[in-house]
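Undergrad: One structure follows; several queries about it will come next.
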Amino acid sequence: MNLGTVGTGWITAAFIEAAKLSGKLNLTAVYSRTEEKAQELAHTYNAAHYFSDLEEMAKSSVIEAVYIASPNSVHFEQALTFLKNKKHVICEKPIFSNPAELEIAYQTAEENGVYLFEAIRNIHTPNFHILKEKIDLAGNLRSAMLPYIQYSSRYDAFLRGENPNIFTSNFSGGALVDLGVYPLYLAVGLFGEPKRIAYTPVILSSGVDGSGTLLLEYQDFVCTILCSKISHSVMPCEIHGEKGTFVLEDAAPISEIKFIDSHTKESTILSVAQEDKNMVYECINIAEIIETKDDNGYEKLKDMSKIVLRVTEEARKQNNIVFGVER
């Protein structure tokens, strides 16, 4: 399937490498706002075509699908441009700023006979599927602690008085939507939609959260998600049940899973080795859904994206975090 990309950051380069490794996606075009940068990207990634006009790229026959990794606030308009031109869209997390945008985009995709996906790597990995399959080993779940705490080099720029996209409300930034979505997707994938949520953030002067604690209330337990772009931690993720505990080295890409029996205290490694270019798994899964018209698989991913975006919107509303696109 011929692929185009929108975005110039490291995440685009990582996706392109994973796409090549998948054997399912063939990079044919790249986009940048300036022709000079677009040409440079095409040369770097060996793409046959480059564009500096998004509409022209969307109308082009040289791509069948596009990967969007631009600033969060422009995801929606860019995605609509491609969907209306009957191109499949893979949009980097967070897919959009709010659920209203998501519903419009899904409707547009359906009207044009194409698919819309949120690119979120951890739920496609072999180790996520192993964890989901083995979760009953823990018995009745009683708590979970899922951190994603990673100091951002762009916070240094913010402290110098600059306005990096991810730390501004105008570009729909903040710790929860940028990093917190990884453990949130993990929780939704394993436990489903929570009954209630509560979010306590550290609000920066720009009006977005630099870090925060998100509580997800389920029937018999609470899942605690810690996210931060202004501090760092090496704390693992844990899921606690009456029969045992799962210890995950990380929420994304879930590189190791250990199960510790509550009674014997014996530990068992359940995880398998995964590709270093771990975005390859989402590339394969997404491409196969498109190729086989796997509407069941597609609906499952849609449901997860909807739940995650509902949770992040409610968390923002609780704390008066308003994105520029919503003003």
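The values are calculated or read from the model by the stated rules, or taken from the named source; none is laboratory data. Just so it is clear, the structure is predicted and the values come from calculations on it, not from any experiment. When we count neighbours, we look across all protein chains shown, and the Cβ atoms used for this are built from the backbone with ideal geometry, even at glycine. Just so you know, the surface numbers come from the protein's heavy atoms only, side chains and all, with ligands and any DNA or RNA stripped out. Shrake-Rupley method; radii C 1.70, N 1.55, O 1.52, S 1.80 Å.
Undergrad: Determine if the stretch 185-201 includes at least one residue that is of a type in the set (S, T, N, Q) and at pLDDT below 95.
TA: Within the stretch 185-201, none of the residues are of a type in the set (S, T, N, Q) and at pLDDT below 95.
Undergrad: Moving on. So if I check each of PHE246, PHE221, which one is at pLDDT 95 or above, closer than 19 Å to ASP136 by Cα and touching a Ser or Thr at 6+ places or on another chain (Cβ under 8 Å)?
TA: PHE221
Undergrad: Checking GLU110 against (1) surrounded by fewer than 20 Cβ atoms within 10 Å (Cβ to Cβ); (2) farther than 21 Å from MET304 by Cα; (3) modelled with pLDDT of 95 or more, which single condition isn't satisfied?
TA: The one condition GLU110 does not meet is (2).
Undergrad: Does the stretch 5-31 hold any residues that are out of contact with any Asp or Glu (no Cβ under 8 Å at 6 or more places or on another chain), at pLDDT 95 or above and assigned to a loop (DSSP other than H, G, I, E, B), and which are they?
TA: Across the stretch 5-31, the qualifying residues are GLY23, LEU25.
Undergrad: Still on this structure: When only residues in the stretch 22-58 that are in contact with a helix residue (DSSP H, G or I) (Cβ under 7 Å, 6 or more places away or on another chain) and surrounded by fewer than 17 Cβ atoms within 10 Å (Cβ to Cβ) count, which is nearest to THR81 (Cα to Cα)?
TA: GLU55
Undergrad: Would you confirm, using the coordinates I've provided, whether GLU77 is under 18 Å from LYS302 (Cβ atoms), open to solvent by 20 Å² or more (accessible area, probe 1.4 Å) and not aromatic (Phe, Trp, Tyr)? Working first, answer last.
TA: Values: under 18 Å from LYS302 (Cβ atoms): no; open to solvent by 20 Å² or more (accessible area, probe 1.4 Å): yes; not aromatic (Phe, Trp, Tyr): yes.
So GLU77 fails the test.
Undergrad: Out of all the residues in the stretch 61-87, which are out of contact with any Lys or Arg (no Cβ under 7 Å at 6 or more places or on another chain) and assigned to a strand (DSSP E or B)?
TA: TYR67, ILE68
Undergrad: When the residues of the stretch 222-260 are filtered to those that are open to solvent by less than 30 Å² (accessible area, probe 1.4 Å) and in a loop (DSSP other than H, G, I, E, B), which remaining residue is farthest from LEU146 (Cα to Cα)?
TA: Here the residue is LYS229.
Undergrad: Next up: Would you mention how many residues in the stretch 271-316 are surrounded by 14 or more Cβ atoms within 10 Å (Cβ to Cβ), of a type outside the set (Asp, Glu) and part of a loop (DSSP other than H, G, I, E, B)?
TA: The total comes to 5.
Undergrad: Considering only helices (runs of 4 or more DSSP H) fully contained in the stretch 105-221, which possess at least 2 residues that are touching a strand residue (DSSP E or B) at 6+ places or on another chain (Cβ under 7 Å)?
TA: On the way: elements: 126-134, 153-159, 181-191.
Answer list for the stretch 105-221: 126-134, 181-191.
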